[in-house]
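Novice: Mind having a look at this structure? Questions to follow.
The values are calculated or read from the model by the stated rules, or taken from the named source; none is laboratory data. Small disclaimer: the values here were computed from a predicted structure and weren't measured. Don't worry about glycine lacking a Cβ; one is built from the backbone with ideal geometry, like all the others, and counts go over all protein chains shown.
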Amino acid sequence: PSIVYGLLALGLFVYELNLGRSILSAGLTLALLILPVVIVTTREALRAIPNHLREAAYALGASKWQMIWDHVLPYSFGSILTGVIIGLSRAIGETAPVVTIGALVFIRFLPDSPLNSEFPYIPFQGEFPYLNLQQLFAWLQAEFTVMPIQMFTWVSRPERAFEANAAAAGTVLIAMTLAMNGIAIYLRYRFRKGLKW
């Protein structure tokens, strides 16, 4: 269950590593959440490559790294990418792990953007392109909330405009999940179409 990842993140990221209840700890929590999905998908994609393809690469004099890089990874890339995208679409809808580490906050304003406000950017002026590192670290330490908590807060308010906001947020969540799953299916189909074993 995803709440176990939240408890792990609360103990490890918030209390042990002193990252606080921040965007950084929430991102690391969601990364831990999708890591098993990505690992299992990657292992299955690599196992699906026929052994005769590996043996043919060895027979032509390829080293182990050349066989993996030139033959196994290109053929399994579509399945690996599908697993990553499906893991990310799962992370979009997860609430329990990030609520455990402190997403019960109602945020009225977004934190300052880590991107440089000076546009057009003039390169080679001593700053990292388009990124202000000081604002980036402040942004990573900012408070956060999750969309379902924001939607609940909007629905519990008496004004009708907040209900429209909650409905729009729910529509955005559903559209993002469907779009990511659709992209995963399309990419898997596209990469597998050219495979001839």
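Novice: Show the residue pairs that are 6+ apart or on different chains and have beta-carbon atoms under 6 Å apart, the first residue being within segment 1-20 and surrounded by 17 or more Cβ atoms within 10 Å (Cβ to Cβ), the second being among the aromatic types (Phe, Trp, Tyr).
Specialist: LEU19/PHE13
Novice: Quick check on my filter: what residues within segment 143-174 are surrounded by fewer than 17 Cβ atoms within 10 Å (Cβ to Cβ) and not in a helix (DSSP H, G or I)?
Specialist: The answer is GLU143, SER156, ARG157, PRO158, GLU159.
Novice: Just checking, how many residues over segment 76-90 are touching a residue at least 60 places away in the same chain (Cβ under 8 Å) and either β-branched (Val, Ile, Thr) or within 20 Å of GLN141 (Cα to Cα) (or both)?
Specialist: Final tally of qualifying residues: 3.
Novice: Also, quick follow-up: Could you pull out every one of the helices (runs of 4 or more DSSP H) wholly within segment 2-108 that has 2 or more residues that are farther than 26 Å from ALA175 by Cα? Break it down stepwise before answering.
Specialist: Working: elements: 2-9, 23-47, 51-59, 64-67, 73-93, 96-100.
In segment 2-108, the matching helices (runs of 4 or more DSSP H) lie at 2-9, 23-47, 51-59, 64-67, 73-93.
Novice: Same structure, new question: Given the conditions (1) under 27 Å from THR100 (Cα atoms); (2) modelled with pLDDT of 85 or more, report the number of the one that GLU159 does not fulfil.
Specialist: For GLU159, the failing item is (1).
A quick yes/no check of all residues on (1) at pLDDT 90 or above; (2) closer than 20 Å to ARG90 by Cα:
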| residue | (1), (2) |
| --- | --- |
| LEU19 | no, no |
| LEU35 | yes, yes |
| VAL38 | yes, yes |
| THR41 | yes, yes |
| GLU55 | yes, no |
| TRP65 | yes, no |
